[in-house]
Amino acid sequence: MPDEEERKGLLRLARRSVRAAAEGSPPPEPPEGGIYGREGGAFVTLHKRDELRGCIGHFTGEGGIGRTVVKMAAAAAVQDPRFPPVRPDELENIDIEISILSKMVPAKPEEVQPGKHGVYVRYGPFSGTLLPQVATEQGWDRETFLDHSCLKAGLDPGAWRDGRADIMIYTAEVFGEKDFQEKEDVE
């Protein structure tokens, strides 16, 4: 997983990508090698004054973590269908969080550990995921976390109970601008 300098570098890259997307400019080019070139999935989450403002990710990545962070940061800023696009005048109030994902593995409901695992639920054509930190932030137990994962997928809350839903779990290395003293540490 990324060390402190790599985390700061990924956060700087994500911030430049969010800014470019909000301003309609070309995205930044990620550096080569190191964590930037490593294959893997990532989600980028945007908060505005501690409220969710956008979150988009990719489970397997898109050409290395650097490229994935650039694409997901831009998508979180202007393509999350739950929110209007981020405007340039909002940028100073946006905090960025990155989740670097492990590979997903099949799991039984009793194996889900809220706060440790993210959950991906698939049932027929429906699917949805919640990142590991969501259960902690919301104070959810396992059943509530699974219920909300189903709701995110567009399913009834208890759809995971009948055994026909596929449940996958994964972990995430989560870090954000708030982990550092000031945003200037990463900008």
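Since every read-out is calculated from the coordinates, none of them should be taken as a lab result. Since the structure is predicted, the reported quantities are computational estimates derived from the model, not experimental observations. Neighbour counts run over all protein chains shown; Cβ positions are idealised from the backbone, glycine included.
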Between GLU90 and GLN133, what length comes free when the chain is fully extended (0.36 nm per residue of separation minus the Cα-Cα distance, one decimal in nm)? 13.0 nm
Amide H contacts under 5 Å for LEU155, placed H, 5+ residues apart: none
Among all stretches of the chain without exposed trypsin sites (Lys or Arg not before Pro) (DSSP loop, at most 10 other Cβ atoms within 10 Å), which one is longest? 83-163
Output the 0 to 90 degree angle, nearest 10, between the alpha-carbon long axis of helix 65-78 and the longest principal axis computed from the alpha carbons of the chain. 90
Cα→Cβ-extended label distance, 7 Å offset, between ARG142 and GLU62, nm: 3.6
For the residues SER127, SER149, what sequence is obtained by ranking on other C-beta atoms within 10 Å, fewest first? SER127, SER149
If you fit an axis through the alpha-carbon atoms of helix 142-152 and take the longest principal axis of the Cα set of the chain, what angle between them do you get, 0 to 90°, nearest 10? 70
Rg and Dmax in Å for the chain, alpha carbons only: what are they? 16.5, 49
Convex hull around the C-alpha positions of region 123-166: the volume in Å³ per residue is 62
Can you give the FRET efficiency to the nearest 0.05 for GLU23 and GLU173, using r as the Cβ-Cβ distance and R₀ = 41 Å? 0.90
Compute the angle between helix 4-23 and the longest alpha-carbon principal axis of the chain, please, reported from 0 to 90 degrees and rounded to the nearest 10. 80
Of the beta bridges DSSP finds with both residues in region 1-128, what % are antiparallel, to the nearest 5? 95
Say the cut-off is 26 Å between C-alpha atoms; which of LYS48/LYS103; LYS8/LYS152; LYS48/LYS108; LYS8/LYS71 go over it? LYS48/LYS103; LYS8/LYS152; LYS48/LYS108
